[in-house]
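Novice: Before I ask anything, let me first share the structure, which is written out below as C-alpha cells.
The values are calculated or read from the model by the stated rules, or taken from the named source; none is laboratory data. Quantities reported herein were computed from a predicted structural model and do not represent experimental measurements. When we count neighbours, we look across all protein chains shown, and the Cβ atoms used for this are built from the backbone with ideal geometry, even at glycine.
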Amino acid sequence: MSSPASPLLAVEGLTRRFQGLVAVDGVDVAVREGTVHGLIGPNGAGKTTCFNMISGVLAPSEGRVSLDGRPLDGLPPYRRTALGLARTFQNIRVFSEMTVLENVMTGMHARLSAGLGIFWRSPGFRAEEHAAKARARDLLDFVGLLAAANHRAGDLPYGDQRRLEIARALACEPRLVLLDEPAAGMNPAETHALLGLLRRLRDERGLTLLLVEHDMPLVMSLCDRLTVLNFGKRIADGTPAEVRRDPAVIAAYLGAQQAEAQAGAVPAEAAR
Amino acid sequence: MWEALDDFYWTYQSLIHAIGVNGILALSVYVVLAVGQLSLGQAAFMGVGAYTGALLTVKFGTPFAVSMAAAATVPALLALVVGGPTLRLTGVYLAIATIGLGEITHIVFLNWDYAGGALGLSGIPERGGVWAIYGTLAVLLVGFTLVARSRVGRAMEAMREDEAAAGVMGVNLPRYRMTALVVSAAMAGIAGCLSAHVSSFIGPGEYGFESAVRILSYALLGGIGSPVAPVLGAAILTLLPEVLRPLADFRLMVNGLIIVLAVLFMPRGILPWRIARTG
C-alpha cells in the first residue's frame, strides 16, 4: 500500500518529442491510491501520448514513471501489466474475432501460468482454465455483458465494446487502470451507466483510475482530482472545483472553444 | 480388400507422401501466421532440414531418429539467428529477412560440393515412410489444437488481431514471435527430412522461393482459424493438379483459376471455422 504521501502512480517530467514537435512537455502527475484522477485538456494536448508512455507502448524522450515506488522506465508493456497496470484504448481495440469471454480471458494472460500441462490437459491446467472462465464470467456480469459472453466481440454494439474493454482491463488484476475516453461515442444513458460502473470500481473494488475524458459533466462528478494539459504542458492540477476556477484552464478551453467553433465542432462545457 | 488397398498405395505412394509432408509444411507456416507474422523462409528451413537429415543418413549412417532430431535442430538454430534482429521489430521485416535466408541457403546448396552441388544428393535410403509422415502430422495437429485451446492460443490470436493491445494485456510479444518462428522452422526441417527419406533424391532447386510461396498458399487457401484448415489447404493444392490431369493442357490454367476463385470468394479460407480458445 502506498502511503498518502507517496502516490500510487508518479509521473515526473514526462516529455515526448516527435521530430520538432513537443507533444508532451515535462508533465508531472501524481495519482493517489483509491482515487479517480482525470487527465483533461483540449484536443491535441498530449493526453493519449501520456497514456502511451505510461503503459509502455511509446518510449518517452525524457521523464520517469513509477508505480507504487517501483520505476517502470524501459519496461515493455507486458511487464507493466504484470506489475499492476492496465488500460483501455481511445479507438476501441477489442479482439473482434474472438468471443467476448475469450477477450476477457486474454486479459488474464499474465496471471495464468499453464505450461506443458496444456499438452496432456493436466489437472492443474484444467483447474486454472476453469477458474479463469468463472472469473471472466464474474467480470462480464460486473460490467453487464454476461449475456453476450459467447458472442463474437466485433459484433457487439459500440458502447458494449467499451464496457468489454473495461472488463478485459480488469482481468489483468490491475491496481491502476488507465481509461482513454471511456465515454466516447456513448449516448447519455450509456454514459450514466458508465459513471456508476466507474464509481463502483473505485468504491467497491478499491481500484485507482486515471482517465482521459472529454465529457465534462462525467469528469466533474466522477474525478477526485484533475490534471489539465494544454499544448503538452501541465497548466493546472487540483480538485475539480479548483480547476474549474483556474484562469489558465478557462483561457485554454475558451481558446479551444473559439478555434473549434470556427471548425464547426461543439466543444465540451468545461469552462462554464 | 487389402490387396486393392496395397495396389492403391503403390500406385499413388508419392502423392500420399506429398500430401502428408505438405500438411506438416502448412502447419509450420500456420504457426507463424497465427501470431501475425509472415515467413517466406519455410522452404529454406525445409531444405536445411532435408540436407541435414539426408547428409547424416548417407554420409554417417546415423539412425533415422538422430537424422530427424538434427533436421529439426539445425533449422531451429537458423531461425534463432534470423529472428534475433528481425522479431524485435513489427511489420514485414521477418518476411524480407526470410526471403534473404532462402536465397542464401539456395546458393549454399548449389555450391556445396560435399552435398552434391547442383546435382543434388541421391541414393538416400528409404526411412520413415508413410507411417512416420502421418504420425508426425497427427501429433502436430493434436498438439496445436491443444495449444489453441489455452492461454497460449488466446495470446497468439490476440497478437494476430492487435499486437499492441495484446502486449498491454500482458503478452510477451518478442518471446511469442520467436518461439513461433523456431517451432515453425523445426517443423519445416522435419518435413524436409521425412520427404528426403521417401524420395531418395534431393536437389537445390526444390527449396527455392516458389516453394516458399507454395507453402504459404496452403495456409492462405485453407485458412488459419484452426490447425486443420491449413492441412486441408495443403491436401487440396497437392491433389488438385492430379485430379485435373484429364484436362491435359488446360490443367495448370484450371488449377490457377480454382485457386484465384477460392481466394476471392473465401478470403478466410476454405475452412473458416474458428476453434474455441478456451480449454
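Novice: With respect to B:Met178, is the statement that it is in contact (Cβ under 8 Å) with a residue 40 or more places away in the chain and within 12 Å of chain A (Cβ to nearest Cβ) true?
Specialist: Judged against the criteria, B:Met178 is not a match.
Novice: I would also like to ask the following. If A:Ser2 passes every condition in (1) closer than 13 Å to A:Arg175 by Cβ; (2) at pLDDT 95 or above but one, which one does it miss?
Specialist: (2)
Novice: For the range A:147-169, give me the residue count where each residue is within 22 Å of the chain's Cα centre (by Cα) and assigned to a helix (DSSP H, G or I).
Specialist: Number of matching residues: 14.
Novice: Right, something else. Which condition does B:Ser211 not pass, out of (1) within 10 Å of another protein chain (Cβ to nearest Cβ); (2) over 26 Å from B:Pro63 (Cβ atoms), if it passes all the others?
Specialist: (1)
Novice: Any chance you could count how many residues in the range B:214-225 are under 30 Å from A:Gly107 (Cα atoms) and away from chain A (no Cβ under 14 Å)?
Specialist: Residues in the range B:214-225 being under 30 Å from A:Gly107 (Cα atoms) and away from chain A (no Cβ under 14 Å): 3 in total.
Novice: Report, ordered by the first and then the second residue, all pairs with beta carbons closer than 9 Å, sequence separation of six or more or different chains, a first member in the range B:257-279 that is within 14 Å of another protein chain (Cβ to nearest Cβ) and within 29 Å of A:Ala149 (Cβ to Cβ), and a second member that is of a type in the set (Ser, Thr, Tyr) and assigned to a loop (DSSP other than H, G, I, E, B).
Specialist: B:Trp273/B:Ser226; B:Arg274/B:Ser226; B:Ile275/B:Ser226; B:Arg277/B:Ser150; B:Thr278/B:Ser150; B:Gly279/B:Ser150
Novice: Could you say whether any residue in the range B:163-172 is more than 14 Å from every other protein chain (Cβ to nearest Cβ) and in contact (Cβ under 8 Å) with a residue 60 or more places away in the chain?
Specialist: The answer is no; no qualifying residue exists.
Novice: Further question: When the residues of the range A:104-120 are narrowed to those that are at the interface with chain B (Cβ under 7 Å from one of its Cβ atoms) and either without any contact (Cβ under 8 Å) to a residue 24 or more places away in the chain or not aliphatic (A, V, I, L, M) (or both), which ends up nearest to B:Val142 (Cα to Cα)?
Specialist: So, considering only residues that are at the interface with chain B (Cβ under 7 Å from one of its Cβ atoms) and either without any contact (Cβ under 8 Å) to a residue 24 or more places away in the chain or not aliphatic (A, V, I, L, M) (or both), the one nearest to B:Val142 (Cα to Cα) is A:Phe119.
Novice: Give the residue, chosen from B:Glu157, B:Glu163, B:Glu210, that is modelled with pLDDT of 95 or more and of a type outside the set (S, T, N, Q).
Specialist: None of the others qualify; the one that does is B:Glu157.
Novice: Can you give me the ranges of the strands (runs of 3 or more DSSP E) entirely in the range A:27-139 with at least 3 residues that are buried (at least 22 other Cβ atoms within 10 Å of the Cβ)?
Specialist: A:36-40, A:85-87
Novice: Related question: Can you name the residue in the range A:61-103 that is among the polar types (S, T, N, Q) and more than 13 Å from chain B (Cβ to nearest Cβ) and is also nearest to A:Asp141 (Cα to Cα) among such residues?
Specialist: Looking at residues that are among the polar types (S, T, N, Q) and more than 13 Å from chain B (Cβ to nearest Cβ), I get A:Ser66.
Novice: Which residue is farthest from the chain's Cα centre (by Cα), if the candidates are limited to the range B:140-162 and must be farther than 30 Å from A:Met53 by Cα and more than 7 Å from chain A (Cβ to nearest Cβ)?
Specialist: By that ranking, first place goes to B:Arg149.
Novice: Right, another one. Tally time: how many residues in the range B:86-111 are part of a helix (DSSP H, G or I), without any contact (Cβ under 8 Å) to a residue 60 or more places away in the chain and not β-branched (Val, Ile, Thr)?
Specialist: Number of matching residues: 5.
Novice: Given the structure, is A:Ala45 more than 14 Å from chain B (Cβ to nearest Cβ), touching a Leu at 6+ places or on another chain (Cβ under 9 Å) and without any contact (Cβ under 8 Å) to a residue 60 or more places away in the chain?
Specialist: Criteria not met by A:Ala45.
Novice: Next up: Restrict the check to the range B:236-244 and report whether at least one residue is more than 21 Å from B:Ile99 (Cβ to Cβ), outside any helix (DSSP H, G or I) and away from every other protein chain (no Cβ under 14 Å).
Specialist: The answer is yes; a qualifying residue exists.
Novice: Sticking with this one: Only one residue in A:Gly74, A:Gly34 is of a type outside the set (A, V, I, L, M, F, W, C), out of contact with any Phe, Trp or Tyr (no Cβ under 7 Å at 6 or more places or on another chain), over 21 Å from A:Leu198 (Cα atoms) and modelled with pLDDT under 95. Which one?
Specialist: A:Gly74
Novice: Suppose we filter the range B:191-208 for residues that are buried (at least 24 other Cβ atoms within 10 Å of the Cβ), of a type in the set (A, V, I, L, M) and either within 14 Å of chain A (Cβ to nearest Cβ) or in a helix (DSSP H, G or I) (or both); how many remain?
Specialist: The total comes to 3.
Novice: Would you mind stating whether B:Val263 is within 21 Å of the chain's Cα centre (by Cα) and either of a type in the set (Val, Ile, Thr) or not in a helix (DSSP H, G or I) (or both)?
Specialist: yes
Novice: Still on this structure: What pairs come up if the first residue lies in the range A:224-235 and is in contact (Cβ under 8 Å) with a residue 24 or more places away in the chain, the second is of a type in the set (S, T, N, Q), and their beta carbons are under 9 Å apart, counting only those six or more places apart or on different chains?
Specialist: Hits for this filter: A:Asp224/A:Thr35; A:Asp224/A:Thr239; A:Arg225/A:Thr35; A:Arg225/A:Thr239; A:Leu226/A:Thr239; A:Gly232/A:Thr15; A:Gly232/A:Thr49; A:Arg234/A:Thr227.
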